[in-house]
Each structure stands twice: as C-alpha cells, then as structure tokens.
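Heads up: the structure comes next, in structure tokens.
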Amino acid sequence: MTLSKSLRFALASCAMVCSFVASVPALAANTSTKFEPVTEVRGAKLQLNGAGTRYKAIFKVYDMALYTTRKVSTPEELLALPGPKRLQFTALRDIPGTDLGRLFMKGLSENSHKDQVQRHAPSTTRFIEIFSAKSKLVAGDTFAMEYTPGKGTQFYILGQPQGEPVGDDEFFTMVMNIWVGDSPADRGLKASLLGNDK
C-alpha cells in the first residue's frame, strides 16, 4: 500500500513537531535570565544549585533558580538540607496573578497530603493571596520565595517583601515540592534545578 503525497507530508510534519516538543525539556537549562552564582539570605551565603525555564506546552512562562547552602542533586537531599533556601523567578511573558495563584495551589495540592494543606491553611491562603492580588506580572518582572529557619517563608514581588514571613519548615517543603515533588510543574525544570540536565 502506497501513501499519498499529502499523507506523507502530514506524517513528516507531525514527526518534526513531535521532535521539537520532545526537545523542550533539554532547552530548560538555557535560561535567558542571568542568575547570580551567589546570593545572601539574612547574612547566610547561598550558591546557585540550578536554574531552568518553566514551559507550558512550547511556551516559556518563567525562568527559575534554586539557591542552597551546598549543592544537592536529588529532591531527598534538598528537602533534608538544613539552613536557608531561596527560589528566584523572572517572568518571561505576561502572567495574570490569578493564574499564577491557581497554578501554585494546584502544585501544592498535587504534591502534599491533604492533611498538610489543611494544617498549613493560613500560610497557603496567604501564599495564594499574594500572587492572586497582583493583576499581572509582565515579562521581566521578578518574584521570589525565601526560607529562613525559625522565621518562615518570605515572599517578594519586584524585590519588595510582601508582608511578614509565614509558615515553618514543613510549609516551605510543600512550596518547593511544587517544582521538585513527584508531580512537578515541569519535569525538565525539576532536573535543571537539581543540576541533572547536563
């Protein structure tokens, strides 16, 4: 049975698209944002553990960097690592705050036990409110999440702290699991944050 010329063209086009989509996670390490190799959290020096790009389908959403006190390469190492940590983001397209808040809530729910989400309801609500209250982040805007032991998680938008720190170590673990948990927002990004994309 011979394939028509139009069918052969359609199959070839499909193969090209599939090949491109499959290659997207590999591009995640090539962030357009220049993240500093070292940052400081309340006097503690943190190093860049890894950075990557969050994709939705084939579209770039934001660049993200993970800062830790020492290099880690697995979620288990990261979650067991004591000391401060920082998640730094740069928006790569306009993102409505309500969309961002909804995605964060979805990530929390998919990577945390229901009783954890209920136990940290006030902190989770505050987390979602901070981003949902922003009409939108535009390309180039920055935001961050910074954990300090004994003080909690501080959220920043455009470098400005958003209220007081919230939650405890378990809450920040829930936040990190949005990106490094069993159901991460983007598997290519997860690999990049843990330095496993090379």
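Could you please find all residues in the stretch 145-198 being among the basic types (K, R) and either within 17 Å of I130 (Cβ to Cβ) or assigned to a loop (DSSP other than H, G, I, E, B) (or both)?
The answer is K151, K198.
Mind listing whichever residues of the stretch 45-64 are of a type in the set (A, V, I, L, M) and in contact (Cβ under 8 Å) with a residue 60 or more places away in the chain?
A51, M64
Would you call L108 touching a Phe, Trp or Tyr at 6+ places or on another chain (Cβ under 6 Å) and either over 20 Å from R42 (Cα atoms) or exposed (fewer than 13 other Cβ atoms within 10 Å of the Cβ) (or both)? It would help to see each step written out before you state the result.
On the way: touching a Phe, Trp or Tyr at 6+ places or on another chain (Cβ under 6 Å): no; either over 20 Å from R42 (Cα atoms) or exposed (fewer than 13 other Cβ atoms within 10 Å of the Cβ) (or both): yes.
The answer is no for L108.
Let me spell it out: the conditions are (1) at pLDDT below 95; (2) of a type outside the set (D, E); (3) under 20 Å from T33 (Cα atoms), and I128 meets all of them except one. Which number is the exception?
Checking I128 against (1) at pLDDT below 95; (2) of a type outside the set (D, E); (3) under 20 Å from T33 (Cα atoms), the one that fails is (3).
The values are calculated or read from the model by the stated rules, or taken from the named source; none is laboratory data. As the structure is a prediction and not an experimental result, all values here were calculated from the model. Glycine also receives a Cβ, built like all others from the backbone with ideal geometry; neighbour counts cover every protein chain displayed.
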